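The values are calculated or read from the model by the stated rules, or taken from the named source; none is laboratory data. In this text the structure is predicted, and so the values were computed from the model without any measurement. With ideal geometry, Cβ positions are generated from the backbone for all residues, glycine too; neighbour counts draw on all protein chains shown.
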Amino acid sequence: MTEPSQPGTGTGTDEATRPQDARELGRTTRAKLVEAATRAFAEHGAANASLLDITRQAGQRNRGAVHYHFGSREKLLAAVLDQHAEFLAERELRLLQVARSRPDDDLASALEPSIRPMVELAGTGWRGRCYPVILAELVADEVVDDDPDVRAALERTGGYQVFELIASRMPAMPEALLRERLNVYSGFALRAVSDRARALERAERGVAGPHHRQQLDEDDFVANLVAMSVAMLTAPVPAALSRQP
């Protein structure tokens with residue numbers, strides 16, 4: 001009969017390594033779930049994507065893997081968003097600092113931190129392209145503030161500070177109209193960025209249709225989207241709304 005091996009003898013399984021191995025396995029599983037969720041949330045929506053399908057796409061047999069590793073759909077969504085927080089924060093906060101040095105009526109400089117970093121992110125690969133699609137849906141459904149973990153993931157990008165500056169540089173108008181315009185702007189800009197990314201991807205893969213239009217380069221696209229957004233946010237207030245508080 002073989003004598004059981006002792007820790008550190010070099011034979012059998014070293015018990016001291018087991019917790020470390022388990023932690024590494026857990027990190028790997030979480031990463032696979034986040035990757036599968038990124039695709040699923042972009043394709044089917046954060047609220048409608050099947051957690052079971054995400055689990056299967058991640059190669060997990062445990063049907064409860066999402067809840068085991070994240071606790072809830074919302075915390076998984078927060079993890080999906082958080083994977084790009086550092087990338088966006090570095091760029092948004094740098095551009096925000098520039099914008100704050102500009103005159104108080106320079107709306108264009110305040111808009112650039114909410115547009116250029118997202119365009120750059122969408123150009124990094126499929127994960128980056130999924131981000132504006134997912135965020136556009138959350139903005140359209142007005143659920144970005146419903147869960148504290150989701151809100152915290154977005155706060156880490158610096159986006160809330162950017163939108164505070166944008167709001168402060170918009171023309172005087174009723175509060176309800178200002179919030180409406182900011183919401184419409186968010187969805188419009190995010191959709192424009194994600195549509196451009198998908199079009200570039202199709203062109204790179206050689207599957208663009210015969211009437212595929214050539215995309216603007218990154219700087220021209222950003223400049224045009226900023227200009228269009230300024231026009232949207234500063235459009236004259238309709239007479240019927242100008243009398244509202």
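A few remarks follow.
- For E120, the conditions (1) under 20 Å from M228 (Cα atoms); (2) crowded, with 18+ Cβ neighbours inside 10 Å are fulfilled apart from (2).
- Search result, residues across the range 200-223 that are part of a helix (DSSP H, G or I) and either modelled with pLDDT of 80 or more or not assigned by TED's automatic domain parsing to the domain that holds V133 (or both): E218, D219, D220, F221, V222, A223
- Lone unmet requirement of (1) surrounded by 12 or more Cβ atoms within 10 Å (Cβ to Cβ); (2) not assigned by TED's automatic domain parsing to the domain that holds L95 for A240: (1)
- Criterion applied to L77, L81, L88, L52 was being free of Cβ contacts under 8 Å to residues at least 12 places away in the same chain and either part of a helix (DSSP H, G or I) or among the charged types (D, E, K, R) (or both), and the one residue passing it is L52.
- Selection status of A197, touching a helix residue (DSSP H, G or I) at 6+ places or on another chain (Cβ under 8 Å), free of Cβ contacts under 8 Å to residues at least 40 places away in the same chain, in the same structural domain as L93 (by TED's automatic domain parsing) and surrounded by 14 or more Cβ atoms within 10 Å (Cβ to Cβ): no
- Those helices (runs of 4 or more DSSP H) of the range 119-170 in which at least 2 residues are modelled with pLDDT of 95 or more and not assigned by TED's automatic domain parsing to the domain that holds T38, considering only elements entirely within it, cover 159-168.
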